[in-house]
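Step one of this worksheet: look at the structure below.
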Amino acid sequence: MAEHRQLQRAALLDAARTLLTEGGKEALTFPALAARTGLARSSVYEYFRSRAAVVEALCEVDFPLWAAEIEAGMASCDTAAERIEAYVRGQLALAADPRHRAVVAISALELDEAARERIRAAHGKLAGLVVQALEDLGHEQPRLAAALLQGVVEAAVRRAEQVAGGRTGCLAENPGEIADTAVAFALHGLSRE
């Protein structure tokens with residue numbers, strides 16, 4: 001019985017991912033989850049009490065996988081600078097994933113403060129991945145630098161979203177240019193060296 005419940009819950013989460021990818025946050029509804037999984041709508045409530053609970057479960061399951069992808073990208077690099085570049089590019093690629101964007105959008109609106117704090121803590125652990133690379137580069141305050149680097153990544157994500165949504169005067173920018181600029185800023189600051 002427990003295995004059956006785990007399989008049903010996994011099927012519901014897979015359906016939620018598909019709905020988010022195909023239709024964004026508006027597509028994630030309990031009737032749509034029921035239709036995708038062949039369950040009765042009332043059965044969906046046996047697994048999740050609300051749409052926010054579905055999103056929180058997605059974050060709990062998917063965030064470690066996303067972090068592992070970034071960590072694997074960093075591990076494949078030979079130098080500290082390459083690891084930092086992989087860290088920045090990995091997060092920007094993840095942020096471009098429609099499913100990830102939809103989960104972030106729903107999280108901001110529907111999750112309670114405790115759930116958002118758990119997600120922030122998980123993001124904080126992600127920043128920890130780059131601390132060693134910064135130490136290897138000889139940075140005097142690698143933890144502070146990692147936190148600031150995360151700010152650069154978040155700004156690049158917002159810029160990419162603005163460009164994608166046509167909300168900026170710099171429509172000539174593309175995701176590759178934004179990523180290149182974020183990497184250059186992370187590695188060289190404002191200098192043009």
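Across the range 23-67, the number of residues qualifying as under 17 Å from the mean Cα position of the chain (by Cα) and part of a helix (DSSP H, G or I) comes to 16. Taking G73 as the residue in question, decide whether it is surrounded by fewer than 20 Cβ atoms within 10 Å (Cβ to Cβ) and either assigned to a loop (DSSP other than H, G, I, E, B) or not hydroxyl-bearing (S, T, Y) (or both). It is true that G73 is surrounded by fewer than 20 Cβ atoms within 10 Å (Cβ to Cβ) and either assigned to a loop (DSSP other than H, G, I, E, B) or not hydroxyl-bearing (S, T, Y) (or both). Looking at this structure, is P98 open to solvent by 50 Å² or more (accessible area, probe 1.4 Å), within 24 Å of K25 (Cβ to Cβ) and either modelled with pLDDT of 75 or more or among the aromatic types (F, W, Y) (or both)? It is false that P98 is open to solvent by 50 Å² or more (accessible area, probe 1.4 Å), within 24 Å of K25 (Cβ to Cβ) and either modelled with pLDDT of 75 or more or among the aromatic types (F, W, Y) (or both). What is the one condition in (1) in contact (Cβ under 8 Å) with a residue 12 or more places away in the chain; (2) open to solvent by 40 Å² or more (accessible area, probe 1.4 Å) that V152 does not satisfy? Going through (1) in contact (Cβ under 8 Å) with a residue 12 or more places away in the chain; (2) open to solvent by 40 Å² or more (accessible area, probe 1.4 Å) one by one, V152 breaks only (2).
The values are calculated or read from the model by the stated rules, or taken from the named source; none is laboratory data. Here the structure is a predicted model, which is why all the values come from computation and not from measurement. Heads up, the Cβs are rebuilt from the backbone with ideal geometry, glycines too, and the neighbour counts pull from every protein chain shown. To get the accessible areas, we keep the full protein, side chains included, count just its heavy atoms, and leave off ligands, DNA and RNA. Shrake-Rupley method; radii C 1.70, N 1.55, O 1.52, S 1.80 Å.
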